[in-house]
Every structure is written in C-alpha cells, then in structure tokens.
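Any read-out appearing in this document is the output of simple, stated calculations on the displayed coordinates, not a laboratory observation. What you see is a predicted model; the values in this text were computed from it and never measured. Cβ placement follows ideal geometry from the backbone for every residue including glycine, while neighbour counts extend to all protein chains displayed.
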Amino acid sequence: MGQYIYDGTFYGLMTTIARILDTNDSPTSIQPVQSSTPDLFSEPVRIETVEFVAEDLLFQIRNEISELAYDHVVYTFLSEHKDCEIILYHYIHKGFILGKKIDRMLTDKWVLKTHALTRKVEREVHRFKGFVRFRQLADCSYYATIEPQYDILPLLAPHFVKRFADQSWIIHDMKRSKAAIYNQKDVCISDISLFRDLVFSNGDEEHKRLWQQYYETIGIKARANPKLRQQLMPKKYQKHLLELQPADKTIIQTPRNGPLPSGD
C-alpha cells in the first residue's frame, strides 16, 4: 500500500493507475503533485506521465469494460473532486474484474461516487450550452466568458464547433485561466497567462441591448417566479449573461498574442 503523486493531467492519472494495476498494489492515496500532502511514515511514489501507457489503458477501458465506462472516467476526472483519483482507481480496477456489469453494480460505493460525479458534470455542460453568451470583437471574432464549477471546456467546445462552425471564437474559463480557441478549422484548449486589453466591435453594445430587450419582451411579469429562475439559472452563472448586464463600453482582458490564430 502506498501514496502516489502525478503531474495533475488526465494522461498523468491514467499512467499512474496503469502502473498501480501492473504492480497489483492497493494505493492509500493518489494526488496531483501541486496539492499533495507529505506522509510522515512513507515516501510517496512519483509517477511520470507516459502517453502511450495512458492511451493503452484508455483503449482497454473502452474495449474490455465499455464506452460508457470510458465516459465515466473522463467526466469524473473533469469534476475536479478532491478524491477523484482514488475513486477512479477503484472504479477502473473493479471494471476490469466485472466488465460491462460494473455500471449495474449500484450498491458499490465507488460506482455510486463515479456516477454521481458524472451526473453533476453532465448537468453543468447541459446548462452552459444555453448560458454561453458571445460578444463580437473588433476583428469580427467572438469572445465569451464562463466560470463553471467543473472543468467542462473539453466537453463544451465540441458543441460550439458544430453550432458555430463558420465563426472564429474563444470561450474563456476565467476560473481556471484557460480557453477553448476555435479558428474555423481547429479547436484547442490553452492556458491563458499573457493578457492585453481587447476592445469589442462597434456593434457589440447594440448586440447586448437586443439580448436585454429580448429578455424583457419574453418575460411575463404576472407569472414571475424568482425561486424557479434561481433554480434553473443560479446566481453564479448570471454575471456572464448579457441580458442581465448593464450596458457599457467594456474592455476585457484577453490573450496578448490573440485573439485568434488564423484559419488559413
């Protein structure tokens, strides 16, 4: 039994779990190196990320357990739950024993935890498909800000690639300082550490005003239900919705080398 640390990436965790399964160990903890706590009685084992080892484990999960199990692994990791690593180790370990039956074992605590985290992430992805609000930049590309509870950019970006395939855009996760960047050809997720002031297009204020007018027009004051609105649209999402913002000439901090790479 031992403590394991890894680099905090998805492939890093998959490499770590693969190594533990190979040695038939029973880990007491698996932690990203940036948040690991020292054990007074044992030296933690540092696992270096090996891409082909991680990919091989993911291939085995998809083929020897199920595609559904693969989805659970991805969503649980993106939940950023403090114990997601050890939860996933036990879920994957049991999955290789039980195969497709693993997701029917609803009395198993590790399966329950994995499914619960998946549902939470799925729910937030579904909400943000309707909550992302783009604003036009001076170069005619589009920019949106979000602050999701979970690390949903990898799940959210494909939806907007399909929906706005003919536009260049950035979805900026301000909580994690990273963004999904699309140039009408490719999409990538990149850390944002360098910034400059970016001015919106001349028509952006009119665009915001139309959102606000639409919100006011469809609202029926006699049927207002603040509790239901709060349930469907929590306050933590509202500050990024154009229809709920005051009209102003906003300048937002965005990448210095941006806003977007060329699609040519």
Task: Cα-based equivalent ellipsoid, the range 3-123: semi-axes from gyration tensor eigenvalues, Å - done: 22, 16, 14
- [ ] Please order Trp110, Trp169 by the number of other Cβ within 10 Å, starting at the fewest.
- [x] Trp110, Trp169
Open item on the list: Test of understanding: ordering Leu78, Leu98 by Cβ neighbours within 10 Å, fewest first, what list do you get?
Closed with: Leu98, Leu78
Task: Spin-label model distance (nm) - Asp139 vs Glu205, 7 Å beyond Cα toward Cβ - done: 2.4 nm
Task: Links that overshoot a 20 Å alpha carbon limit, given the list Lys185/Lys236; Lys175/Lys227; Lys100/Lys120; Lys129/Lys236; Lys129/Lys175; Lys82/Lys175 - done: Lys185/Lys236; Lys175/Lys227; Lys100/Lys120
TODO: List the lysines whose Cα lies under 19 Å from the Cα of Lys101, skipping any in the same chain that are fewer than 8 positions away.
DONE: Lys109, Lys113
Task: Footprinting exposure proxy for Cys84, Cys140 (fewest neighbouring C-beta atoms within 10 Å first) - done: Cys140, Cys84
Task: Length gained when the stretch Glu43-Ser190 is fully extended (0.36 nm per residue, less Cα-Cα span) - done: 49.6 nm
- [ ] Starting from the Cα of Glu55, step 7 Å along the direction of its Cβ; do the same at Gln167; then give the gap between the two resulting points in nm.
- [x] 3.4 nm
